[in-house]
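Presented below is the structure to which this report refers.
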Amino acid sequence: MKFADRLKYLRENKGLSQNALAKAISTHHSRISRYELGTSNPRPDMMVKLAGVLDVSVDFLKNGDSTNAEESNLDIELLELFKKTQVLSNKKKNTYINVIKAFLTEK
């Protein structure tokens, strides 16, 4: 997956418009559009801001996993779900962990 596609996917996954993302990093929405079209690349300082708003590392945002876009999207979806578990009680977290382990060890 190319940077432009990854940026768009992450932005949409967060439920952000181009305008909302632009405001969050103090830039114009047309700049986000150019990034997503692949006609422009963000400066390093903008890359840091984008990664922060999108809750990913700069390395992932910049390089991602270009070998398999579907796996990359799946990983993002799983990470988003795991992040949501951070507000749960330890008891609920352990329940989810046990369910995942059960699925992974199923034969």
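Residues in segment 67-107 that are of a type in the set (Val, Ile, Thr) and modelled with pLDDT under 75 were compared, and the one that is surrounded by the most Cβ atoms within 10 Å (Cβ to Cβ) is 76.
Please enumerate the residues belonging to segment 34-61 that are part of a helix (DSSP H, G or I) and more than 17 Å from the chain's Cα centre (by Cα). Across segment 34-61, the qualifying residues are 34, 37, 44, 45. Residues that are buried (at least 16 other Cβ atoms within 10 Å of the Cβ) and of a type in the set (Asp, Glu) within segment 6-49 comprise just one, 36.
The values are calculated or read from the model by the stated rules, or taken from the named source; none is laboratory data. Predicted model, so just to flag it, every value in this text is computed and none were measured. Cβ coordinates were reconstructed from backbone atoms using ideal geometry, including for glycine residues, and neighbour counts include every protein chain displayed.
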